[in-house]
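Every read-out reported here was derived from the displayed coordinates using simple, explicitly stated rules and does not represent laboratory data. Only a predicted model underlies this, so the values are computations on that prediction, with no experimental measurement involved. As a convention, Cβ positions derive from the backbone with ideal geometry for all residues, glycine included, and neighbour counts pool all protein chains shown.
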Amino acid sequence: MQRQPAGLLGGSGTGAELLGGLHYGGPGASTPADGVLHALSAPALLDSGHCADLWTTGAPARAGQTGCVRWRSSGPWLFGAADLGAADAHAGIEALAQRAYADLFATLQGHGQPALLRLWNYLPHITGDDGAGMERYRRFNIGRQRAFLDAGQRAFEGAPAACALGLRSGDGLTLRFVAGHTEVRAIENPRQVPAWRYPADYGPRAPTFSRAALAALGDGQLALLVSGTASIVGHASQHAGDTPAQVNETLRNLQAVFEAARAQCSAPFALEDSEPVVYLRHAQQAQAVREQLAQALGPQSRFMQSAVFLAADVCRPELDVEIETQACATGQLTPSSRGTA
Ligand code: 3EB
């Protein structure tokens, strides 16, 4: 997996097959390789637009559609996308989530049940009311968890890494996922209650994700895919109204996830060497947040050199920032004490 300017696509000559990816292009950007790269309609802040996270493999890819999920598969890997729009939105976000995830799991079944590594969830008005007195994110969580349980997928311990953000455009649900026939290990953060164990104060059904996933990529490489991470300790939001303090708390959480991941493998994963996406509720804070991150992680770090800043709404109204990040390194998973894979 690599992040590179979208303009370089197709001209690299590496012989690698493009499986899929997310294109961060800002409004109006064209999608460079149709059907392969899926543009995210979140405004890119600062100079972070027009690049993409690419998932490439060595084997030829094949493409198809299962229900609302468009997918490409190559060797052990599967990348999928679902974009449910206005025509589907009348069903409500709970039904949308259930349908999109049911199609996602049907896609996995059609490919011999590869393990889910990472999911991206985007929905508009994430903290808005659903019209029946419940927050849309809570509704989304009901439909998502039900689809996991219906498909016999792990909705609690061992759930995939994920993020869930509110976009300011569109009216449906946007899903992206990566799965693979490989060993995937879920990582939790000792500073935080597992999200799948959040108490009912945050909704009748808990969110379905782990704090990170470690996955074997082959050739002795491991990927660390860190879920959206925010200023939450235990299960409680911290520093409402103080964005710089939220950034610092988020960095402490990210460091704790990296430490937990290093304990599960031999790869020397380091936060400052990872490639983040920084989601900000207030676009005008982008420059200040970038300076704060540069101060903490070094202006020349891979983290700062590759950082993508996007405008989006975190799923709790009091939180202003969420950071996800990913890294690749040489190493192996340590043998699992629980015998889970
Ligand atoms: C949190 O820690 C912040 O619902 O898939 C982060 C990552 C968050 C993923 C999701 C939500 C999700 O609860 C929000």
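Take each of the peptides 272-278, 173-179, average the number of other beta-carbon atoms within 10 Å over its residues, and list them starting from the highest.
Working: 272-278: 21.6, 173-179: 24.9.
Going by the mean number of other Cβ atoms within 10 Å, highest first, we get 173-179, 272-278.
Lys/Arg Cβ at +1, Asp/Glu Cβ at -1, dipole of the chain taken about the Cα centre: which of PHE209, GLY75, THR229 is farthest positive-ward?
The Cα lying farthest towards the positive end belongs to GLY75.
For a Förster distance of 22 Å, can you work out the FRET efficiency between the beta-carbons of ASP219 and ALA263, rounded to the nearest 0.05?
Efficiency, from the Cβ-Cβ distance: 0.45.
When the Kirkwood hydrodynamic radius is evaluated over all pairs of different C-alpha atoms of region 233-341, what value in angstrom, to one decimal, is obtained?
15.0
Work out the length of the dipole vector of the chain about its Cα centre, built from +1 on the beta-carbon of each Lys and Arg and -1 on the beta-carbon of each Asp and Glu, and round it to the nearest 20 debye.
Its charge dipole is roughly 600 debye.
Provide the FRET efficiency to the nearest 0.05 for the ALA106-ASP242 pair, computing r from the beta carbons and using R0 = 45 Å.
E between ALA106 and ASP242, to the nearest 0.05, is 0.55.
Past the 30 angstrom mark, what percentage of all C-alpha to C-alpha distances in the chain do you count?
Of all Cα-Cα distances in the chain, 29 percent exceed 30 Å.
Can you give the % of DSSP beta bridges in region 2-337 that are antiparallel, to the nearest 5? Intermediate values should be presented prior to the final figure.
Numbers: 67 of 84 bridges.
DSSP beta bridges in region 2-337 are roughly 80 percent antiparallel.
Along the Cα→Cβ direction, 7 angstrom out, place labels at SER336 and GLU291. What is the inter-label distance in nm?
Distance between the two pseudo-spin positions: 4.6 nm.
Considering only C-alpha atoms, what is the centroid distance from region 140-181 to region 288-328, in Å?
Value for the Cα centre distance between the two parts: 23 Å.
Mind ordering 185-193, 226-234, 293-301 by average Cβ neighbours within 10 Å, highest first? Don't jump to the answer; show the numbers that get you there.
Numbers: 185-193: 19.1, 226-234: 22.8, 293-301: 15.4.
So the peptides 185-193, 226-234, 293-301, ranked by packing, come out 226-234, 185-193, 293-301.
For the chain, list the DSSP H helices whose alpha carbon atoms reach 30 Å or more along the long axis and whose average Kyte-Doolittle value is -1.0 or above?
Working: long enough: none.
Answer set is empty.
With the crude spin-label approximation of a point 7 Å out along Cα→Cβ, what separation in nm comes out for ALA87 versus GLN65?
For ALA87 paired with GLN65, the spin-label model returns 0.9 nm.
Residue separation times 0.36 nm, minus the C-alpha to C-alpha distance between PHE156 and ASP201: what's the value? Before the final figure, lay out the partial values.
On the way: separation 45, 0.36 × 45 = 16.20 nm, distance 1.75 nm.
That works out to 14.4 nm of additional length.
At 7 Å along Cα-to-Cβ for each site, give me the label-to-label distance between HIS235 and GLU318 in nm.
1.4
If packing is taken as the mean number of other Cβ atoms within 10 Å per residue, what is the order of 136-147, 109-120, highest first?
The most tightly packed comes first, giving 136-147, 109-120.
Which value at 222 nm does the chain reach when only helices count, each DSSP H run of 4 or more adding -39,500 (n - 2.57), with the total divided by all residues and rounded to the nearest 500 deg cm²/dmol?
Helices in the chain give a 222 nm mean residue ellipticity of -7000 deg cm²/dmol.
Identify, among ALA97, GLN65, HIS111, the residue whose Cα sits farthest towards the positive end of the charge dipole of region 53-118, taking +1 on the Cβ of Lys and Arg and -1 on the Cβ of Asp and Glu, with the dipole about the Cα centre.
HIS111
Using a Förster distance of 41 angstrom, determine the FRET efficiency expected from the C-beta separation of THR182 and ASP130, and round it to 0.05.
Calculated transfer efficiency: 0.65.
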